[in-house]
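Written below as C-alpha cells is the structure these notes are about.
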Amino acid sequence: MPCPRSATGSVTIGLMKAMRRRDFPVEWISVHGHDLAFRRGGEGPVVLFLHGMAGSSGTWIPAMQLLHSDYTVLAPDFLGHGKSAKPAGDYSLGNHASGIRDFLHVLGVERATVVGQSFGGGVAMQFAYQFPELCERLVLVDAGGLGREVSWILRLVTLPGAEYLMPAVFPSFVRGWGDALSGFLRDRGIRQARAAEMWRAYRSLMEPETRRAFVRTVRGVIDPGGQSVSALDRLYLASTMPTLIVWGDQDKIIPPVHAHRAHEAIPNSRLEVMENVGHFPHVEDPVRFAEILVDFMRTTEPSAATPEQLRQLLRRDAG
C-alpha cells in the first residue's frame, strides 16, 4: 500500500525550506567501555537512523539535514563501523540491538522512531522485537533479513580464507585516487550518489580493523548460499507497530521482492517503492525519502507496545 499523497506537496515545501547545510559533527560516548561514535541534532520527537554494513552515520546526513528542524535526529556508528571502536567480539544482530538500547539509555532517550537501512534494517527489526517499549515506529529501508537473496559479492566474503584476500582487494594505495576522482566530479556538479556511497564503503574496508569487523558482521548474517538470518517468521509481531517499508526498485544488493514479502507479512504496513533508485534511497533521493518518512510519521500514532503485548502475541501464535 503506498503512502497517502494528499500532504505530499506541503511536506516537500516544508522540507526544502527547513533544509540547510549542517555537518552534524561526530561525538563519542562510552558504552560498556567501548567508544561509540554518533551524530545528532535538532529538537522534537526522536528519529534513530541505523546504517548498513561497511557504512557509518555519515550516510544519514542528507536526511538529517532535512528533518532536524522538526525532529531530534540521532545516528550512531555501529561498533566495528565508522569511527566507533572495533573490538573483537559479538557482531550479531541481537548484540547490536542491545547495544543500541544501551546507547539510547546513556543519552536519556526514552523512545524513538527507528529507521534501519540494509544491515541496519535487520538490527531495527531485532530492536523492535527485543525492546518494543522503546520503538515508536519501525522503518525498513532496503533491509536485510527478509529472504535468502543477496549480492554475490557479500556471499564471497563468507567463503573460507576470504579475509586473507581482502588486503589485495582493498589496497590502501587506491584511497588517494578514489578521493581525487570523487572530488573532481563533485567540483563539477556531477552527482553520482549511489557510486559515492559505495566508494565510501569500499574506502572504509582499507582499514585492517574495519575489515576484520566487517567479516565477522557478514558471516553472522550471510553464508555462501545467501542471507542466513531471516525475520520473516516473526514479522507478525510487528502488527501493533506502525511500519513503513521503503525500497529502491533498482536495488542490486537486496532485491525489491523482499519489500513485498515483508509488506505481506506485516499487517497494516505501508510500502513505498522508489523509482530509479538503488540500495541507498536516503542518499540517492534524500528529499523524496524524507518526504515519505515525514508523511508516515505525521499520519501514524506512536506505538504503545509493551512486553506484555508481545507475550500475548507469542502465546496466541503458540496456541
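What follows is calculated from the coordinates using simple rules that are stated; it is not laboratory data. These numbers were taken from a predicted model, which means no experiment stands behind them. Cβ: placed from backbone, ideal geometry, glycine included. Neighbour counts: every protein chain shown.
Take each peptide in 219-228, 80-89, 58-67, 101-110, count the other Cβ atoms within 10 Å of every residue, and average; sorted highest first, the result is 58-67, 80-89, 219-228, 101-110. In this rough spin-label picture, where each label sits 7 Å from Cα along the Cβ direction, the Tyr164-Glu43 distance is 5.8 nm.
Evaluating 6.51 cos²θ - 1.76 cosθ + 1.60 at θ = phi - 60° for every residue in the stretch 214-228, the Karplus couplings come out as 4, 4, 4, 5, 4, 5, x, 10, 9, 10, x, x, x, 5, 9 Hz, glycine and proline recorded as x. Taking all Cα-Cα distances within the stretch 191-319, those exceeding 25 Å account for 43%.
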